Structure formats: structure tokens, C-alpha cells
Amino acid sequence: ISDTLANVGAYANYGAHFAKAVAFLQRKDLKVLPLGRYELDGTNAYAMVQEATLRPWDGGKPEVHHDYFDIQLPLSGEETIGVAVFDPKTPGEFDEEKDIGFYDVPVEPLALRPGEFAILHPETCAHLPCCSEDAPGWMQIGIDVMPEYRSRGVGTYLVTLLKNRIMEMGDIPF
């Protein structure tokens, strides 16, 4: 399932403990929360606020969970996740204690932007989070100059400053 945060309330009764997960997703302060784990309903439901380094499509095997639904919501930038219908009889190793297994199954891309989320069902949906269509180490520059300041070189100046800073950090501007 993929949808927008404007519709997230419709999923409050989707499964056990979803009401608390939906309430967390509706918080107005998500973008400023400290990184970490947030208990929503004891060990029955929790949220992780994380920063991730995006990887290319060939960067790993999709993961599967048995106990928890996984809701992916990028807070900034675009994240592409790989998704696949998963047959629980697929051979592979599963770590029951950590509730995660990694399987070699083909995935299809699902692009998520801020304000969009995906609900991934345990046991039947494999997913490869934290992917990007771009190469790792690339940083995109996007500048939108207010109309009254266009054609004055402001955008060119800012892009040049950002490009130089990105290169100083050892990354490749895109």
C-alpha cells in the first residue's frame, strides 16, 4: 500500500496497533524529532526516526519481517524502495530475535517523496529500503529563485557555492 499523509487516518484500523502508528505519523514535529526509537505501544508498535545513506539498487537483498508491519515515510528527499510480493516458503535464513530475514527476490521500484508513505505487510511483502536511482555519494542541487529575483544571477551564484561545498566534502554534485 502506498498513499499520502493526507489519507493516513484511513489506515488507523488497518491492523492491531495501527491507530498509534497513524497518530505518530500525523505529528506536526516529525521533521525535528531527534533520531532514535519511539515506543508507541510498548513493544507492540514503535517508530524509528533515522538518517540513511541511500544505496543503489544492487546494494543488498530485500528484507522481510514476521511480526511487524513496516511503514516507510521519507521526511526529506526522495527515497526509492524496492517492493515484492513474498512467498513465506522462499528458502532463506530468518533471525527470529531481530524479526528480520534477507532474501534474494526481485523487486520493483516504488518512489516515495516527503508526504508519501508505504505500508509493507509482514511475511508477504519483501522490501529493499533506502535506495536511490542516483549513484551513492551524489548530492542533488535544487534552487528555486523567487520571481522578483530571477535573471539577476542569484541562482547561478547559489548553485556555484553549493557545488563547491559539495566537492569540498568529497561528493559529486548532480
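The values are calculated or read from the model by the stated rules, or taken from the named source; none is laboratory data. None of these values were measured; they are calculated from a predicted model. Cβ coordinates were reconstructed from backbone atoms using ideal geometry, including for glycine residues, and neighbour counts include every protein chain displayed. Surface areas here come from the heavy atoms of the whole protein model, side chains and all, with no ligands, DNA or RNA. Shrake-Rupley method; radii C 1.70, N 1.55, O 1.52, S 1.80 Å.
Could you tell me the accessible area of ILE81 in Å² (1.4 Å probe, neighbours in place), rounded to the nearest ten?
Roughly 0 Å² of ILE81 is accessible to a 1.4 Å probe.
Please report how far the C-alpha centroid of the stretch 78-112 lies from that of the stretch 1-67, rounded to the nearest whole angstrom.
Cα centroid to Cα centroid, the span is 16 Å.
Could you look at the chain and say what percent of its accessible area is carbon and sulfur, using a 1.4 Å probe and all protein chains? Intermediate values should be presented prior to the final figure.
Details: 5940 of 11240 Å².
That fraction is 53 percent.
Say a site is exposed when it is one of the trypsin sites (Lys or Arg not before Pro), sits in a DSSP loop, and has at most 15 other Cβ atoms within 10 Å; what is then the longest site-free stretch of the chain?
Working: sites that count: ARG27, LYS28, LYS89, LYS98, ARG150, ARG152.
The segment 29-88 is the longest one with no such site.
Would you grab the residues whose amide H sits under 5 Å from the one on VAL83? Only those 5+ places off in sequence or on another chain, please, with H modelled 1.01 Å from N.
GLU108, LEU110, LEU128
What is the set of long-range amide H partners of LEU40 at a cut-off below 5 Å, with H atoms built 1.01 Å from backbone N?
Amide H neighbours of LEU40: ALA45, TYR46, ALA47.
If a/c stays under 1.5 just call it rounded; otherwise compare a/b with b/c (prolate if a/b is bigger, oblate if not). Do that for the stretch 38-130, with a ≥ b ≥ c from the square roots of the Cα gyration tensor eigenvalues. Before the final figure, lay out the partial values.
On the way: a/c = 1.80, a/b = 1.09, b/c = 1.65.
In terms of gyration-tensor shape, oblate.
From the backbone phi of the stretch 60-75, what are the Karplus-calculated ³J(HN,Hα) couplings (6.51 cos²θ - 1.76 cosθ + 1.60, θ = phi - 60°) in whole Hz, Gly and Pro given as x?
For the stretch 60-75, the Karplus-derived couplings read x, 9, x, 9, 9, 10, 9, 9, 10, 5, 10, 10, 9, 9, x, 8 Hz, x marking Gly and Pro.
Can you sort CYS131, CYS125 by solvent-accessible area, 1.4 Å probe, largest first? Write out the running numbers ahead of the final one.
Details: CYS131 0, CYS125 25 Å².
Sorted by accessible area, descending: CYS125, CYS131.
Under a Cβ-only charge scheme (Lys and Arg +1, Asp and Glu -1), can you give me the dipole magnitude of the stretch 16-128 about the Cα centre, in debye to the nearest 20?
In debye, rounded to 20, the stretch 16-128 gives about 540.
What 222 nm value per residue comes from the helices of the chain, counting each DSSP H run with n ≥ 4 as -39,500 (n - 2.57) and dividing by all residues, nearest 500 deg cm²/dmol? Mind showing how you got there, number by number?
Details: 2 runs with 23 residues, N = 174.
It comes out at -4000 deg cm²/dmol, rounded to the nearest 500.
If we count GluC sites (Glu not before Pro) as exposed when they sit in a DSSP loop and have at most 10 other beta carbons within 10 Å, what is the longest stretch of the chain that avoids them all?
On the way: sites that count: GLU51, GLU93, GLU96, GLU97.
So the longest stretch without any such site is 98-174.
Output wanted: per-residue J couplings in Hz (rounded whole) for the stretch 83-98, from phi through Karplus 6.51 cos²θ - 1.76 cosθ + 1.60, θ = phi - 60°, x for Gly and Pro.
Values per residue, Gly and Pro as x: 10, 7, 5, 10, 8, x, 8, 4, x, x, 9, 10, 9, 4, 5, 8 Hz.
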